[in-house]
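These notes concern the structure reproduced below.
The values are calculated or read from the model by the stated rules, or taken from the named source; none is laboratory data. All figures in this text were calculated on a predicted structure; none of them were measured in a lab. Cβ: placed from backbone, ideal geometry, glycine included. Neighbour counts: every protein chain shown. Just so you know, the surface numbers come from the protein's heavy atoms only, side chains and all, with ligands and any DNA or RNA stripped out. Shrake-Rupley method; radii C 1.70, N 1.55, O 1.52, S 1.80 Å.
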Amino acid sequence: MSIDLAVVPVAGRGTRLLPLTKSQPKEMLAVGKEPVVQYVAEELYRCDIHRLVFVTGPGKTAIENHFDIDGELITHLRETGKEEFLQDLAFERDQLEFFYTRQRRQLGLGHAILCAQPLVDGQNFVVALGDSIIGVNGQSQIVKLMIHEFESSQADAVIAFEEVDREEVVHYGIAKPCNKTDGFFELSDLVEKPPVDEAPSQLAVAARYVFNSKIFDYLEHTEPGKNGEIQLTDAIRTLIADGGKVLGVRLPTNEKRFDIGSFERYFEAFIEFAMADPKYGPQLRKVTEKILESYI
Ligand code: G1P
């Protein structure tokens, strides 16, 4: 059976988005009409993923509540003649199964993935970072392509990348590709958040990965790295050094990654999604033009 399981880490504290994230998870911030993590779940569902394992942490229960089926709310909308809002809850009916486990100590992304190991139970799986949306409204099909390549080339891992500006490499895992980077390409190294002058390329990990269960053996033996955290990138790096087959693919140019980890990116994402909204976008674009005039 093809991969139908994704691990979605949502345990990070979101400190770069304070005070917004003081009492709500960054993954629940609104981008246009939906919270970030709903776009992620819908993207995965469209890529034939039907089981989601969330790795949560303190203050993240709003995520569990969001994906519950809220019978009381549905009845209330029906009884008060507000049926038109029912379609906004349609995502509740997607045939998705949800599993939750908790990262009890903040030891980094690699450790968060390791917390999901008992639930993954030896299967091949996707990792989709819960604070990153791929494509406007999460319309990307990249995960489907990645799964297909992972299975047909019997890779140990496939990772999505996006080209970033030179000074941005310090925020991401950066690829060292060993051949040209059209279509799928092989990696000879991966470096977590390198200084600008040491970056092997400008290809940054774009929040989507496919793995077989070998990654857990590597994560178990990964020492704390950048920022004292157990880094997923470091485990992948050792996997490559041991002869593992790790492939990369660039996001298509019309599928940007929206990384909701800082105010710069969050504001940009909100504006772009709200402007693309078929109902509210046209009016918003008009109003925005007026606002812009007042800045000239
Ligand atoms: C994590 C990964 C990094 C990756 C980034 C975005 O960093 O460690 O390699 O490029 O996500 O996908 P974080 O944003 O958690 O610091």
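Report the calculated FRET efficiency for residue 292 and residue 62 (r = Cβ-Cβ distance, R0 = 45 Å), to the nearest 0.05.
0.85
May I ask for the Kirkwood hydrodynamic radius of the range 1-111, worked out over all distinct Cα pairs and given in angstroms to one decimal?
Its Kirkwood hydrodynamic radius stands at 15.4 Å.
Excluding residue 72 itself, what net charge comes from residues whose Cβ is under 12 Å from its Cβ, given Lys and Arg +1 and Asp and Glu -1?
So the surrounding residues net to -2.
Only helical DSSP H runs with n ≥ 4 go in: add -39500 (n - 2.57) per run for the chain, normalise by residue count and round the 222 nm mean residue ellipticity to 500 deg cm²/dmol.
Roughly -9000 deg cm²/dmol at 222 nm, from the helical runs in the chain.
Top mean-square fluctuation among 79, 42, 27, Gaussian network model of the chain, C-alpha springs under 10 Å?
Among 79, 42, 27, the largest GNM mean-square fluctuation belongs to 79.
Which value in nm describes the separation of the simple spin-label points at residue 141 and residue 245, placed 7 Å from the Cα toward the beta carbon?
Inter-label distance under the simple model: 2.4 nm.
Enter the per residue convex hull volume of the range 1-61, computed from alpha-carbon coordinates, in Å³ rounded to the nearest integer.
Taking the convex hull of the Cα positions in the range 1-61, it is 86 Å³ per residue.
Expressed as a whole number of Å, what is the distance separating the alpha-carbon centroids of the range 76-155 and the range 194-236?
20 Å
In a Gaussian network model over the chain where Cα atoms closer than 10 Å are linked, find which of 118, 177, 200 has the largest mean-square fluctuation.
Of 118, 177, 200, the Gaussian network model singles out 118 as fluctuating most.
When all C-alpha to C-alpha distances in the chain are sorted into bins of 10 Å, what percent of pairs does each bin hold, rounded to whole numbers?
In whole percents, the pair-distance histogram is 6, 26, 36, 21, 8, 2, 0.
What does the net charge come to around residue 206 if you take all other residues with beta carbon closer than 14 Å to its beta carbon, with K and R at +1 and D and E at -1?
Spelling it out: positives minus negatives among the neighbours equals -2.
Charges only on Cβ, +1 for Lys and Arg, -1 for Asp and Glu: so what's the dipole of the range 201-296 about the Cα centre, in debye to the nearest 20?
400 debye
What's the local net charge at residue 48, with K and R +1, D and E -1, over the other residues with C-beta under 15 Å away?
Net charge around residue 48: -3.
At residue 16 and residue 271, where each label point lies 7 Å from the Cα along Cα→Cβ, what is the point-to-point distance in nanometres?
1.8 nm
Give me the percent of accessible area attributable to carbon and sulfur for the chain, probe 1.4 angstrom.
Answer for the chain: carbon and sulfur cover 50 percent of the accessible area.
Based on the alpha carbons, how large is the Rg to Rh ratio for the range 129-259 when Rh follows Kirkwood?
0.94
Among 184, 225, 145, whose Cα projects farthest towards the positive end of the dipole of the chain, with charges put on the beta-carbon of Lys, Arg (+1) and Asp, Glu (-1)?
Farthest towards the positive pole: 225.
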